[in-house]
Every structure is written in C-alpha cells, then in structure tokens.
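Colleague: Please see the structure below; I have some questions.
The values are calculated or read from the model by the stated rules, or taken from the named source; none is laboratory data. Just so it is clear, the structure is predicted and the values come from calculations on it, not from any experiment. A quick note on method: Cβ atoms are made from the backbone with ideal geometry, for glycine too, and the neighbour counts reach across all protein chains shown.
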Amino acid sequence: MTKGNTRDPPSFPAEVMNAVLGGDALRRCFQCGACGGSCPSAADMNHSPSRLFAMIRAGLRNEVLRSNTPWYCVACYYCAVRCPQEIPITDLMYGLKRLSIQQGLCEEVDAADFSRTFIGSVERYGRSFELGLATRYHLTHRPLGLPKLAPTGLGMLLKGRMALRPHRIKDIKGLRAILSRARVLERVR
C-alpha cells in the first residue's frame, strides 16, 4: 500500500493471471516448449507461447501486448492439450488480446485488424465468409500478395471448401443482439 490508502497497480504477471480464469497456472510453466512445438501458427508468431510466458513473468508488458502471438492463435487448443502443466494457454491468449485492446497496444499488430475483419464478417452474415474475409484483409494489408493466394482459393472453391457468396444465418438479428449485449458487458468489466 502507498500513502493515502491507495493500492499500487498490480504487476504485469499478476494482471495477466487475473485476466483469465485459471490464469495463475501460468506460474507452473517450466518452458518445455510443447505449446510452441505443437502450434500450427508458431511459424507466423514473433514469440512462441512459452517465450511469451517467460516475457510475462519478466514484466515485459509492452513487448508482450504488442506481440502478434495471441493474434495468430487459432484456438485449436492443441497446445493446452499437450501442456504437461495443464496451463489454459488458449484462454491466456484471449486474455492477452483483451489487455492489448484495452491498453491500445494492438494497433501495431496487423493480426488485430484481421480479427476485426473476421468479427465484421460474422456480424454481417452470422458466420465466416472466407472469400470475403481473405479479400478484404489482403486488399488492405497485403495487396501484392493476393495473386499468390489465387491457386489456393480456387482449389478451395472447386472442392466446396469455400463459398463464392456469403450465406446468412436465419436469425441474424438475434445474433446481433447477443453481440451487442456482449459489448456492453465487456465495457462494464
């Protein structure tokens, strides 16, 4: 406690651990690397999950919250399943995204833009529209890389793995009401 009966702000590791239910499990990480070794997105991350956890414990707030690692997490939960310490890694990644947004540090990470583009697609159609998502994102962030994606996109279209036109869910108004309420609840937190 400091003068005037006010509390000192929590340390960054405590802040992260408090941001996620079960986040205190982060203390158990012994840097085995199973998370990064099993992550399908690890090659695109600028830090492996275990490295990010070491950075959290070292108190490197800005470096952690500016990292693209949480944004490239695809929430497959493979890391959490393989973690010998049963750390809720995916949940910690969601918590780090929230902290990054709340503290205005995600602006430098283009993965945050991808996430916003994805959420916009879900709000419009009630589900992901991959062709529109990829086109919007790449036109604004990597327009010169778009032609390289054409063969993959065409293959996905021909095999029925991606739709040419978006399909809305039946109760889009209901979904939008849920998302609106979630935003209100998030602001209250």
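Colleague: Might you let me know whether segment 142-158 holds any residue that is in contact with a Ser or Thr (Cβ under 8 Å, 6 or more places away or on another chain) and either on the phi < 0 side of the Ramachandran plot or of a type outside the set (A, V, I, L, M, F, W, C) (or both)?
Modeller: yes
Colleague: Given the conditions (1) in contact with a Ser or Thr (Cβ under 7 Å, 6 or more places away or on another chain); (2) surrounded by fewer than 16 Cβ atoms within 10 Å (Cβ to Cβ), report the number of the one that LEU52 does not fulfil.
Modeller: Every listed condition holds for LEU52 apart from (2).
Colleague: Residues in segment 119-135: is at least one basic (Lys, Arg) and at pLDDT below 85?
Modeller: Within segment 119-135 (the criterion being basic (Lys, Arg) and at pLDDT below 85), the answer is no, since none of the residues qualifies.
Colleague: Filter the helices (runs of 4 or more DSSP H) completely within segment 55-107 down to those with at least 1 residues that are in contact with a helix residue (DSSP H, G or I) (Cβ under 7 Å, 6 or more places away or on another chain) and small (Gly, Ala, Ser).
Modeller: Because the criterion is at least 1 residues that are in contact with a helix residue (DSSP H, G or I) (Cβ under 7 Å, 6 or more places away or on another chain) and small (Gly, Ala, Ser), the helices (runs of 4 or more DSSP H) in segment 55-107 that meet it are 78-82, 89-102.
Colleague: Among (1) crowded, with 19+ Cβ neighbours inside 10 Å; (2) under 19 Å from GLU15 (Cβ atoms), there is one condition GLY104 misses while meeting the rest; what is its number?
Modeller: Every condition holds for GLY104 apart from (1).
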